[in-house]
Amino acid sequence: MTTTLITGANRSLGLETTRRLLEAGHTVYAGVRDPDRADDVRALGAHVVQLDVTDQASVDRALAEVPELDVLVNNAGVLGSASGVDDLDAAAMAEVLDTNVTGVVRVTQAALPMLRRSDAPVIVNVASGVGFTRWLTTPGHDEYPVAAVPYAASKAALIALTVQYAKNLPEFRVNASDPGYTATAFNGFGGHQTVTEGTDATVALATVGPDGPTGEFHDRNGRIAY
């Protein structure tokens, strides 16, 4: 039996990832900031644990409730309050980085001892094409019009973080996924993909075997060349 922890699991992409991995036979621990608002993920059959990625004590308590771990999906993320340069300040930047980058490190470092005991440890970091410079600079891509600085910078950092973790943990499979422009609360449900389509890459990477890719960035169509 594969045991999986998913952060930010109570809605949108996290909820759908939980549903699909449960369907694939995983035992899923659903990390949520507020367990009182986790009825949907609880109804799927996941084990709900209180987990705020910005709070080390919360992370440690959550991991203590997980008996073993094979797969970690770092899905929790925030868009932030700054939409461009005019409303950007250091506090807005720090808030997004604390969740989207430092939060991933908090959870991953806390999970490493258990993952190292797994026969096939896997980490998936849910990044974004908004953090991929080539898409940000290519007219016609969904990411091209995005002006927000913190979110793009945080996801770029997360892609680099993924590569470095993969280099440091060669016995693991560590990859980043790009959900694509998916209809979620993040974008006012304006995306052109369904949440199922938006979780295709994450689910595929969460179910790779020991001979699968590592250090790569994938969308639902496969590997995105750096």
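The values are calculated or read from the model by the stated rules, or taken from the named source; none is laboratory data. The structure displayed is predicted, hence computed values, not measured ones. A quick note on method: Cβ atoms are made from the backbone with ideal geometry, for glycine too, and the neighbour counts reach across all protein chains shown. For accessibility, only protein heavy atoms count, side chains too; no ligands or nucleic acids. Shrake-Rupley method; radii C 1.70, N 1.55, O 1.52, S 1.80 Å.
Got at least one residue in segment 51-63 being open to solvent by less than 20 Å² (accessible area, probe 1.4 Å) and hydroxyl-bearing (S, T, Y)? I'd like the intermediate steps shown before the answer.
Our first condition is that a residue be open to solvent by less than 20 Å² (accessible area, probe 1.4 Å); within segment 51-63, this holds for 51, 53, 58-59, 62-63.
With the extra rule that they be hydroxyl-bearing (S, T, Y), the set shrinks to 58.
Within segment 51-63 (the criterion being open to solvent by less than 20 Å² (accessible area, probe 1.4 Å) and hydroxyl-bearing (S, T, Y)), the answer is yes, since at least one residue qualifies.
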Worksheet entry | Residue that is farthest from A157 (Cα to Cα), among those in segment 117-134 that are among the hydrophobic types (A, V, I, L, M, F, W, C) and surrounded by 24 or more Cβ atoms within 10 Å (Cβ to Cβ) | V122
Fill in: Residues of segment 1-32 that turn out to be in contact (Cβ under 8 Å) with a residue 40 or more places away in the chain and either touching a Lys or Arg at 6+ places or on another chain (Cβ under 6 Å) or over 19 Å from A204 (Cα atoms) (or both), as a count
2
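Among the candidates T214, T194, T162, T202, single out the residue that is open to solvent by 40 Å² or more (accessible area, probe 1.4 Å) and modelled with pLDDT of 95 or more.
Values: T194 fails: modelled with pLDDT of 95 or more; T162 fails: open to solvent by 40 Å² or more (accessible area, probe 1.4 Å); T202 fails: open to solvent by 40 Å² or more (accessible area, probe 1.4 Å).
Selected residue: T214, the only one of T214, T194, T162, T202 that is open to solvent by 40 Å² or more (accessible area, probe 1.4 Å) and modelled with pLDDT of 95 or more.
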Fill in: Failed item in (1) assigned to a loop (DSSP other than H, G, I, E, B); (2) in contact with a Pro (Cβ under 6 Å, 6 or more places away or on another chain); (3) modelled with pLDDT of 95 or more, with L115 passing the rest
(1)
Worksheet item: Looking at segment 36-50, which of its residues are more than 28 Å from R116 (Cβ to Cβ) and open to solvent by less than 50 Å² (accessible area, probe 1.4 Å)?
Response: A38
Discussion item. Could you list, ordered by first residue, the pairs with Cβ atoms under 7 Å in which the first is in segment 154-171 and more than 12 Å from V105 (Cα to Cα) and the second is of a type in the set (A, V, I, L, M, F, W, C) and in a helix (DSSP H, G or I), at least 6 apart or interchain?
Written reply: S154/V96; S154/L97; S154/V101; K155/V130
Fill in: Among (1) more than 25 Å from A152 (Cα to Cα); (2) in contact (Cβ under 8 Å) with a residue 12 or more places away in the chain - the single one D39 does not satisfy
(2)
Worksheet item: Restricting attention to segment 168-185, which residues are at pLDDT 95 or above, open to solvent by 10 Å² or more (accessible area, probe 1.4 Å) and outside any loop (DSSP other than H, G, I, E, B)?
Response: N168, R173
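Scan segment 1-12 for residues that are among the aliphatic types (A, V, I, L, M) and surrounded by 24 or more Cβ atoms within 10 Å (Cβ to Cβ) and jot them down. Break it down into steps so the answer makes sense when it comes.
Filtering segment 1-12 for residues among the aliphatic types (A, V, I, L, M) gives 1, 5-6, 9.
Scanning segment 1-12 gives L5, I6, A9.
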Worksheet item: On the given criteria, is G209 at pLDDT 95 or above, open to solvent by 10 Å² or more (accessible area, probe 1.4 Å), over 16 Å from the mean Cα position of the chain (by Cα) and on the phi > 0 side of the Ramachandran plot?
Response: no
Worksheet item: Taking segment 78-111 as the region of interest, how many residues are over 23 Å from V146 (Cα atoms), of a type in the set (A, V, I, L, M) and open to solvent by 40 Å² or more (accessible area, probe 1.4 Å)?
Response: 1
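Yes or no, residue by residue, for (1) under 18 Å from the mean Cα position of the chain (by Cα); (2) under 23 Å from N175 (Cα atoms):
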{"position": "A46", "(1), (2)": "yes, no"}
{"position": "Q50", "(1), (2)": "yes, no"}
{"position": "L69", "(1), (2)": "yes, yes"}
{"position": "N75", "(1), (2)": "yes, yes"}
{"position": "S83", "(1), (2)": "no, no"}
{"position": "D89", "(1), (2)": "no, no"}
